[in-house]
Amino acid sequence: MDYKISVIVPIYNVEKYLPEAIDSIKRQTIGFNNIEVILVDDNSTDKSKNIADQFASENPNVISIPLSSSSGAAGKPRNIGIKNASAEYIMFLDPDDYYTDNACDLLYQKISEKNTDFAFASYRTISEDGSIILDNVLPKGFPDEIDSKTIEENQQLLEIAPSIWTKIYKKSFVENNNIEFPEKIVSQDFVFNIHAMLSARGIYFFNDIVYN
């Protein structure tokens, strides 16, 4: 089947949170059948791998990839996810977070409509009990929409937190520009994000909440 989006989820010892992350993918208004889910387990020692394997066994659009040894960070699992993605667009979900129900729909509509290399939105920070800590992470006075050809055209985009999980990317853009996550280090998403920002020939931002 031709999927609209491949969602990549790096996993390591998150049995407490993973079911909620998975459920948020299943609830997507774009249609769960339009999403390819790639779960890459970094050799978890809890039940995370079992949860991923069961989800994959029950759904033909879900792939569970176990690693034989832990890489120590999310970079390697994410890179493996990109290599195995078959959809035109890719998104990322951290296993201890979850999407809003229309996240994939909104991001897919925007990147298709604007024909950009990547599009992104905003997120909220919540506590363990689900209460909202911060509902708007944008700098004060930041515009609700930015449509830019390059980062040089609108460097204000660099003021937004470098969150890969609020973004949708053209897979061909990522591959053609050799954009990868550094492995075995923390904050590798910052490197990926900056590389994408500097390489893009089409960036679109809109201030809708798509991520928790």
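Looking for whichever is touching an Asp or Glu at 6+ places or on another chain (Cβ under 7 Å) and farther than 25 Å from residue 122 by Cβ here; the options are 57, 44, 71. Which one fits? Full working, then the answer.
Numbers: 57 fails: touching an Asp or Glu at 6+ places or on another chain (Cβ under 7 Å); 44 fails: touching an Asp or Glu at 6+ places or on another chain (Cβ under 7 Å).
Of 57, 44, 71, the one residue that is touching an Asp or Glu at 6+ places or on another chain (Cβ under 7 Å) and farther than 25 Å from residue 122 by Cβ is 71.
Listed by first and then second residue, the pairs with beta-carbon distance under 8 Å, at least 6 apart or on different chains, first residue in segment 74-92 and modelled with pLDDT under 95, second of a type in the set (Ser, Thr, Tyr) and in a loop (DSSP other than H, G, I, E, B), are 74/12.
Does segment 102-120 include one or more residues that are of a type in the set (A, V, I, L, M), surrounded by fewer than 19 Cβ atoms within 10 Å (Cβ to Cβ), under 28 Å from residue 83 (Cβ atoms) and in contact with a Leu (Cβ under 7 Å, 6 or more places away or on another chain)?
No, segment 102-120 contains no residue that is of a type in the set (A, V, I, L, M), surrounded by fewer than 19 Cβ atoms within 10 Å (Cβ to Cβ), under 28 Å from residue 83 (Cβ atoms) and in contact with a Leu (Cβ under 7 Å, 6 or more places away or on another chain).
Exactly one residue among 168, 126, 185, 194 is modelled with pLDDT under 90 and closer than 20 Å to residue 75 by Cβ, and that residue is 185.
Look through segment 156-195, keep the residues that are free of Cβ contacts under 8 Å to residues at least 12 places away in the same chain and in a loop (DSSP other than H, G, I, E, B), and return whichever of them is surrounded by the most Cβ atoms within 10 Å (Cβ to Cβ). The selected residue is 187.
The listed residues are 62, 14, 9, and the only one of them that is out of contact with any Leu (no Cβ under 9 Å at 6 or more places or on another chain), hydrophobic (A, V, I, L, M, F, W, C) and open to solvent by less than 50 Å² (accessible area, probe 1.4 Å) turns out to be 14. Scanning segment 17-31 for residues that are touching a residue at least 40 places away in the same chain (Cβ under 8 Å) and of a type outside the set (S, T, N, Q) gives 17, 18, 20, 21, 23, 25, 27, 30. For segment 110-152, the set of residues classified as in a loop (DSSP other than H, G, I, E, B), polar (S, T, N, Q) and farther than 18 Å from residue 207 by Cβ consists of 115, 127, 131, 150, listed by residue number. When you scan segment 80-95, how many residues do you find that are in a helix (DSSP H, G or I) and open to solvent by 30 Å² or more (accessible area, probe 1.4 Å)? Summing the residues that are in a helix (DSSP H, G or I) and open to solvent by 30 Å² or more (accessible area, probe 1.4 Å) in segment 80-95 gives 3.
The values are calculated or read from the model by the stated rules, or taken from the named source; none is laboratory data. If you're wondering where the values come from, they're calculated on a predicted model, not measured in any experiment. Cβ coordinates were reconstructed from backbone atoms using ideal geometry, including for glycine residues, and neighbour counts include every protein chain displayed. Side chains are part of the model used for accessible areas, which takes the heavy atoms of the whole protein and leaves out ligands, DNA and RNA. Shrake-Rupley method; radii C 1.70, N 1.55, O 1.52, S 1.80 Å.
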